[in-house]
Amino acid sequence: MYIMDTIVAISTAIGEGAIGIVRMSGPDALSIIERIFKGKDLSQVVSHTIHYGHIVDQDEKILDEVMVTILKGPKTYTREDIVEINCHGGIVAMQRILETCLLAGARIAEPGEFTKRAFLNGRIDLSQAEALMDLIQAKTGKAMDASLNQLKGTLSNQIRSLRHEMLESLAQIEVTIDYPEYDDVEEMSNQTLIETSQRVKQKINEILQKAQNGRLFREGIRTAIIGKPNVGKSSLLNYLTGSDKAIVTDIAGTTRDTIEEYINVKGVPLHLIDTAGIRQTQELVEQIGVAKSRKIMEESDLVILILNQSEQLSDIDKELLSLTNDKKRIILLNKTDLPSQIDFSDVSNEMEASEIIPISIIKDQGLDLLEKRIEDLFYSGNLESTDINYLLNSRHTTLLKQSLQALDEVILGCQSEIPIDLVQIDFTRAWDLLGEITGDSVQDELLDKLFSQFCLGK
Ligand SMILES: Nc1nc2c(ncn2[C@@H]2O[C@H](COP(=O)(O)OP(=O)(O)OP(=O)(O)O)[C@@H](O)[C@H]2O)c(=O)[nH]1
Ligand SMILES: [Mg+2]
């Protein structure tokens with residue numbers, strides 16, 4: 001256990017909340033609270049209990065009526081003694097109590113320092129600490145679940161078992177090198193290294209694959225609104241975002257460049273992209289916009305294709321139906337307030353009736369069905385894998401990719417008969433890189449950088 005000084009911070013959000021918490025952690029937390037608390041004798045109370053009283057300043061003047069929680073280490077978040085002062089939420093009351101703790105000998109905590117202590121004292125590992133950071137910042141409920149899973153150590157467990165496997169291979173090689181009774185030491189070691197590297201590589205690739213899905217939660221599902229000009233794409237963006245961000249006119253070709261918004265539809269995070277209407281055009285700026293629309297359509301996770309039911313299907317409509325046929329898509333039939341002109345008999349191969357949702361954006365009809373469809377696609381796992389235990393951040397992903405590279409070098413080295421001890425260096429490097437994910441091998445500088453991203457008081 002690291003010996004440290006006593007830190008203090010306001011750990012609830014600053015604002016006019018009903019209750020605020022000032023939290024202290026460290027060897028002097030208990031003696032400090034005894035000095036500034038009037039009520040029961042806190043030196044006599046058992047751990048993990050809460051007590052009513054008042055916080056007083058140096059002149060014994062009452063600052064606030066409080067409930068104080070006493071949590072003695074090591075069964076605490078930081079494994080140190082922790083004292084939580086539940087006071088009235090106003091900013092002035094909390095600041096005064098904070099100042100009193102500071103005067104009594106505590107030091108103001110750096111951002112993330114409570115969590116850093118939890119890590120340094122072995123209470124959580126690094127990927128759990130990062131999950132906690134995501135949790136604090138998680139915007140939607142689903143992202144929250146994924147963070148919780150990581151907190152339980154799903155990723156850490158997987159990485160640890162990989163490292164364990166690698167360590168066993170290393171040990172096995174050491175043994176063969178130490179007892180070279182056999183002539184084929186090199187060959188056997190090579191074989192072990194290649195096999196292990198390939199197995200580990202495959203598992204890393206699986207994790208990365210799932211991370212791709214997990215990442216959707218933080219960034220939102222890329223959802224492209226596509227269609228020929230004037231069908232109501234920008235109107236839909238405005239409707240869903242509850243804004244008038246996109247310009248809407250009855251002139252075909254109004255939207256020239258993409259407009260992007262992050263929204264949340266029934267808990268599903270969408271990265272919504274309104275695009276320029278697709279058509280043949282001689283106009284240079286519009287041509288660029290149309291090319292961009294096509295590219296975004298290809299790259300998106302979900303396409304919302306809008307058709308205008310008050311017009312005949314055009315060649316462009318048919319082309320778009322065909323191009324999006326094997327993508328996740330929703331077909332909206334807009335302008336149902338106008339007389340119907342559309343006829344689907346030509347395109348019956350390109351779509352199913354169940355894909356179509358009739359709407360009128362102007363009359364606010366059918367849009368609840370769109371929201372429901374998005375929700376269903378997502379939670380049924382159709383929009384992407386339901387396995388979201390990963391939620392890697394970019395640091396994890398980089399480390400995983402670097403260890404893949406190192407393993408490739410191991411395999412190459414073995415195949416080109418490079419001496420085994422040189423190959424071992426790459427193998428050990430891959431092992432170290434994986435260790436950085438869980439914090440089993442990590443430098444101080446990185447730690448400071450990571451933990452400083454936490455909110456103050458966490
Ligand atoms: N009657 C009717 N008109 C609508 C409906 N939704 C949108 N419009 C109108 O259709 C016209 C075009 O709407 P936009 O949202 O600008 O269409 P767009 O698809 O973004 O068009 P471009 O940006 O040119 O590609 C506007 O005049 C809208 O008011 C609807 O449900 N019914
Ligand atoms: Mg538009």
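Pull out the extension gain between residue 363 and residue 250, defined as 0.36 nm times the separation in residues minus the alpha carbon to alpha carbon distance; nm, one decimal.
Additional length available on full extension: 39.1 nm.
Could you rank the peptides 105-111, 284-290 by their average count of other C-beta atoms within 10 Å per residue, with the highest value first? If you can, show how the numbers build up before the last one.
Details: 105-111: 18.1, 284-290: 15.3.
Going from most to least packed, we get 105-111, 284-290.
How much length, in nm to one decimal, is gained on full extension between residue 416 and residue 328, taken as 0.36 nm per residue of separation minus their Cα-Cα distance?
Gain on stretching residue 416 to residue 328: 27.2 nm.
Taking 0.36 nm per residue of separation and subtracting the Cα-Cα distance, what length does fully extending residue 61 through residue 428 add?
126.0 nm
Would you mind getting me the FRET efficiency between residue 346 and residue 239? Use the beta-carbon distance for r and R0 = 35 Å, nearest 0.05.
Rounded to the nearest 0.05, the efficiency is 0.75.
Using Cβ contacts closer than 10 Å as the measure, can you line up 61, 233, 328 from fewest to most?
Details: 61 9, 233 32, 328 16.
By the 10 Å Cβ count, ascending, the order reads 61, 328, 233.
Restricting the calculation to Cα positions, tell me the Rg (one decimal) and the Dmax (whole number) of region 214-292 in Å.
Every Cα atom of region 214-292 included, Rg and Dmax give 13.2, 42 Å.
One-quarter of the Cα convex hull surface for region 7-124, in nm²?
Answer in nm², one decimal: 6.7.
Quickly work out the residue 299-to-residue 75 label distance, labels modelled 7 Å from Cα along the C-beta direction, and quote it in nm with one decimal.
Going by the 7 Å Cα→Cβ label model, 5.3 nm.
How high is the FRET efficiency between residue 376 and residue 280 when r is their beta carbon distance and R₀ equals 35 Å, given to the nearest 0.05?
That pair, residue 376 with residue 280, gives E of 0.45.
What pairs from 233/372; 233/401; 40/75; 201/292; 233/328 go past 27 Å between their alpha carbons?
Details: 233/372 19 Å; 233/401 39 Å; 40/75 23 Å; 201/292 36 Å; 233/328 18 Å.
Result: 233/401; 201/292 exceed 27 Å.
State the Kirkwood hydrodynamic radius of region 260-351 in Å, one decimal place, computed from all pairs of distinct Cα atoms. Intermediate values should be presented prior to the final figure.
Working: mean 1/r = 0.0685 Å⁻¹.
For region 260-351, inverting the mean 1/r across all distinct Cα pairs yields 14.6 Å.
Residue 398 to residue 338: FRET efficiency via 1/(1 + (r/R0)^6), r the Cβ-Cβ distance, R0 60 Å, to the nearest 0.05?
Once the sixth-power term is evaluated, E becomes 0.70.
If we sort 422-431, 311-320 on the protection proxy, mean other Cβ atoms within 10 Å, highest first, what's the order?
Put in order of decreasing packing, that is 422-431, 311-320.
FYI, it's all coordinate maths here, none of it is from the lab. Just so it is clear, the model here is predicted, and its values are computed rather than measured. Counting neighbours? That spans all protein chains shown, and the Cβs are built from the backbone with ideal geometry, glycine included.
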